[in-house]
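Nothing in this text is a laboratory measurement; each read-out follows from the coordinates by a stated rule. The structure presented is a predicted model; accordingly, all values stated were derived computationally and were not measured. Cβ coordinates were reconstructed from backbone atoms using ideal geometry, including for glycine residues, and neighbour counts include every protein chain displayed.
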There are 2 protein chains.
Amino acid sequence: MTEDTKTKIEKFLEERKQEIDDTIRKYIPENLSHEHMEMLVGRARYEYDIEAINNSITKPIWDFLSRGGKRWRPALFMLVAEAMGADMEKVKDFAVIPEMAHEGSIMIDDIEDNGELRRGKPCTHKLFGIDIAVNAGNTMYFLPMLILIKNRGNLDENTTIRAYEVFAQEMINIHFGQALDIWWHKGNTDTITEKQYMQMCAYKTGCLARMAAKLAVVVSGGSTEQEEKIGKMAESIGIAFQIQDDILSASSEKFQTKKGYGDDITEGKRTLMVIHALGKANEKDRKRLLEILNLHTREHALIDEVISLLNKYDSISYAKKFAKELVNNAWSEAESTLPKTDAKKRLKAFVDFLIERNI
Amino acid sequence: MTEDTKTKIEKFLEERKQEIDDTIRKYIPENLSHEHMEMLVGRARYEYDIEAINNSITKPIWDFLSRGGKRWRPALFMLVAEAMGADMEKVKDFAVIPEMAHEGSIMIDDIEDNGELRRGKPCTHKLFGIDIAVNAGNTMYFLPMLILIKNRGNLDENTTIRAYEVFAQEMINIHFGQALDIWWHKGNTDTITEKQYMQMCAYKTGCLARMAAKLAVVVSGGSTEQEEKIGKMAESIGIAFQIQDDILSASSEKFQTKKGYGDDITEGKRTLMVIHALGKANEKDRKRLLEILNLHTREHALIDEVISLLNKYDSISYAKKFAKELVNNAWSEAESTLPKTDAKKRLKAFVDFLIERNI
């Protein structure tokens, strides 16, 4: 990918971001009025305390949204819909469905991990309290369906049902993926296989990318085969993202500014690289690797020792190759279901852009 | 209501409970197998770690479900559906939709309130950790839609969409109701009006009863008018429940075994009774009432003083009357839309049973 293409895509993302946030604002404005409340939750049987709602729902949500984020899932939705030849005016609001769920999922994740910082500021539960954060994050989980309710006239009945089904199924799946991560996080890591790790990534980080792509196919009137293959391609991007994060955490110095030095190693995380190395290593190295991982150490010398063991067994380059091939293969399958258009070329460039970051 | 009728309804609830739990078990079994996983989240692209899922999802969920609960929302669903003349074989699984959401909402509520005990055992987050509890509770929020996915063939397309819409809208509403309660809980109680308190109840405790009734009407092929009026009747039951809880907390000694003595008063909660008394009281009593409520005291003498102030201004009997009239009026409106059948009589008896408990 040339620097010129990269710059173009970055500019495209920046421009779309404004549009995407304006669409989110349509469904959850920063400051609710009576009219907004009626749109959101119907006419009051008695009387709304709007100030309370603004303080406990819209304020934490917009505090979070305004911190940034790339909004690449809605961009992926739009590029897939364009490649499918959709009527963009009719479907564009659906682009924010996976994004709202994604933003909600980070707020909730941070509570589950008891995180401190997110996007350079204290996590929502640190600023507003666990009660408000859980409730606001969960509100973001259900607001996407408001978009389906409000735009019912834009889709035929069968398509509407398929859209609900995609949303519902992926929201269930993501909780199963998160359940794996949580359980392993508690130290239950002795028997994790490479396949199980991949499955966790597919569900924890692949779900919402897959939701974006599948929704785009469905609302564009696509076939089940297109839904399946383009969905799998997006899921693969999500998995590749996770693997890239793992790699960055074990190799790049740049990463130290985002997280602590070798945080995954301190945490004892069984990443694809670690699982690979444990499978390849001789008995002595294997024992040593497990020993350090189970120490939960912050000592740089020990962290560096793990990194050199991962390098000794080529586990870092194995993971890099794995991620690239995963997306390339999935792209080949997906692209065969799409007509040859400029929009498809733009989608391909975007996919390349997403997986090439920093590797 | 005669003792005989009461006993009959209690027996009916007990029998249905088994059936209801068996239906829940169909969609989220206590011990997942590979077949269950495929039913729930599709075929694995890689490989599931089922033990991890059982430990972090099904175990906490069934630990919670097995503690009890009356399951009156599914019973209400079934009685409404019967009164609507539904094909019960086709619709009965939908009865557990509001129940699953309800059970999830208590698990989540307990996290938000940092509760200690629920149904005689430590709250889920105390037993399993906040991470597992949030994730398992939220899983219960989305599993209801799996029932819509799996039973798609039982409903026509328009009905299926209406069912999704009812579920989605009530799930949004309940988070807005909870947002009010959370915000007021943080001490922002100076300006709460009676109408605002009623609205909070309608959304926090009325939503899932309303969901049960509306869903029953919708899947039985009912009209928009029936959905509206029978939904409002169920919402009124939910509101009456909340008012009853408030009353019990301020009057009955029986209640002390469930919660602490006058917990609502210690908390300084602006219940319907408190709002009523604040509106009626002379300046001196008003000041004294606010003074004690703002003390957050556990002293019995002060709590008793509040109770006697509430009695002085007839606020407890006002609340009792309010709750009864609310449900009676809503029932009159709802019943006019239902055909005259034995099923309707059973529904009426059940409604009476629900609102007569302990008042």
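Give me a count of the residues in the stretch B:322-355 that are acidic (Asp, Glu) and under 19 Å from the mean Cα position of the chain (by Cα). Before the answer, list the steps.
Within the stretch B:322-355, the first condition is being acidic (Asp, Glu), and the residues that meet it are B:325, B:333, B:335, B:342, B:352.
In the following step, the residues that additionally are under 19 Å from the mean Cα position of the chain (by Cα) were identified as B:352.
Selection size over the stretch B:322-355: 1.
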query: Is the stretch A:109-117 home to any residue that is among the polar types (S, T, N, Q) and farther than 17 Å from A:Asp181 by Cβ?
result: no
message: It is to be established whether one or more residues within the stretch B:37-45 are without any contact (Cβ under 8 Å) to a residue 12 or more places away in the chain, more than 14 Å from chain A (Cβ to nearest Cβ) and of a type outside the set (Val, Ile, Thr).
response: no
task: Give the number of residues within the stretch A:188-207 that are at the interface with chain B (Cβ under 7 Å from one of its Cβ atoms), of a type in the set (A, V, I, L, M, F, W, C) and touching a Leu at 6+ places or on another chain (Cβ under 8 Å).
output: 1
- request: Kindly provide the set of residues from the stretch B:137-167 that are at the interface with chain A (Cβ under 9 Å from one of its Cβ atoms) and among the aliphatic types (A, V, I, L, M), ordered by number.
  value: B:Leu143, B:Met145, B:Leu146, B:Leu148, B:Ile149, B:Ile161
message: Just checking: which of the helices (runs of 4 or more DSSP H) contained wholly in the stretch A:95-202 hold 3 or more residues that are more than 26 Å from B:Tyr164 (Cα to Cα) and of a type outside the set (D, E, K, R)?
response: A:124-128, A:157-185
field: Residue that is surrounded by the most Cβ atoms within 10 Å (Cβ to Cβ) [pool: residues in the stretch A:46-60 that are more than 7 Å from every other protein chain (Cβ to nearest Cβ) and within 28 Å of the chain's Cα centre (by Cα)]
entry: A:Pro60
task: Please state which of the following conditions A:Glu235 fails to meet, knowing it meets all the rest: (1) more than 9 Å from chain B (Cβ to nearest Cβ); (2) in a helix (DSSP H, G or I).
output: (1)
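Please enumerate the residues belonging to the stretch A:95-132 that are on the phi > 0 side of the Ramachandran plot and among the acidic types (Asp, Glu). Lay out the reasoning, then the answer.
Pass one, the stretch A:95-132, residues on the phi > 0 side of the Ramachandran plot: A:114, A:119-120, A:129.
None; the set is empty.
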- prompt: Quick one: would you say B:Glu15 is more than 8 Å from chain A (Cβ to nearest Cβ), among the acidic types (Asp, Glu) and outside any helix (DSSP H, G or I)?
  reply: no
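Looking at A:Met211, A:Met200, can you tell me which residue is among the aliphatic types (A, V, I, L, M) and in contact (Cβ under 8 Å) with a residue 24 or more places away in the chain?
Working: A:Met200 fails: in contact (Cβ under 8 Å) with a residue 24 or more places away in the chain.
Going through A:Met211, A:Met200 in turn, just one is among the aliphatic types (A, V, I, L, M) and in contact (Cβ under 8 Å) with a residue 24 or more places away in the chain: A:Met211.
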- prompt: Any idea how many residues of the stretch B:144-158 are surrounded by fewer than 16 Cβ atoms within 10 Å (Cβ to Cβ) and in contact (Cβ under 8 Å) with a residue 24 or more places away in the chain?
  reply: 1
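Hey, does the stretch A:47-69 have a residue that's part of a helix (DSSP H, G or I), closer than 30 Å to A:Asp352 by Cβ, of a type outside the set (Phe, Trp, Tyr) and touching a residue at least 12 places away in the same chain (Cβ under 8 Å)? Steps first, answer last, please.
Going through the stretch A:47-69, the residues part of a helix (DSSP H, G or I) turn out to be A:50-65.
Still in the list and also closer than 30 Å to A:Asp352 by Cβ: A:64-65.
Among the residues that remain, those that are also of a type outside the set (Phe, Trp, Tyr) are: A:65.
Checking which are touching a residue at least 12 places away in the same chain (Cβ under 8 Å) leaves us with A:65.
Checked against the condition, which is being part of a helix (DSSP H, G or I), closer than 30 Å to A:Asp352 by Cβ, of a type outside the set (Phe, Trp, Tyr) and touching a residue at least 12 places away in the same chain (Cβ under 8 Å), the stretch A:47-69 yields at least one hit.
Considering only the stretch B:168-184, how many residues are at the interface with another protein chain (Cβ under 8 Å from one of its Cβ atoms) and in contact (Cβ under 8 Å) with a residue 12 or more places away in the chain? Lay out the reasoning, then the answer.
Going residue by residue through the stretch B:168-184, those that are at the interface with another protein chain (Cβ under 8 Å from one of its Cβ atoms) are B:168-169, B:171-173, B:175-176, B:178-180, B:182-184.
From the residues that got through so far, the ones that are in contact (Cβ under 8 Å) with a residue 12 or more places away in the chain too are B:171, B:173, B:176, B:178, B:180, B:182, B:184.
Going through the stretch B:168-184 one residue at a time, the tally reaches 7.
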field: Subset of the stretch B:96-145 [under 15 Å from the mean Cα position of the chain (by Cα) and hydrophobic (A, V, I, L, M, F, W, C)]
entry: B:Val96, B:Ile97, B:Met100, B:Ala101, B:Ile106, B:Met107, B:Ile108, B:Met140
task: Give just the number: which of (1) within 29 Å of A:Ile111 (Cβ to Cβ); (2) surrounded by fewer than 22 Cβ atoms within 10 Å (Cβ to Cβ) does A:Glu82 not satisfy?
output: (1)
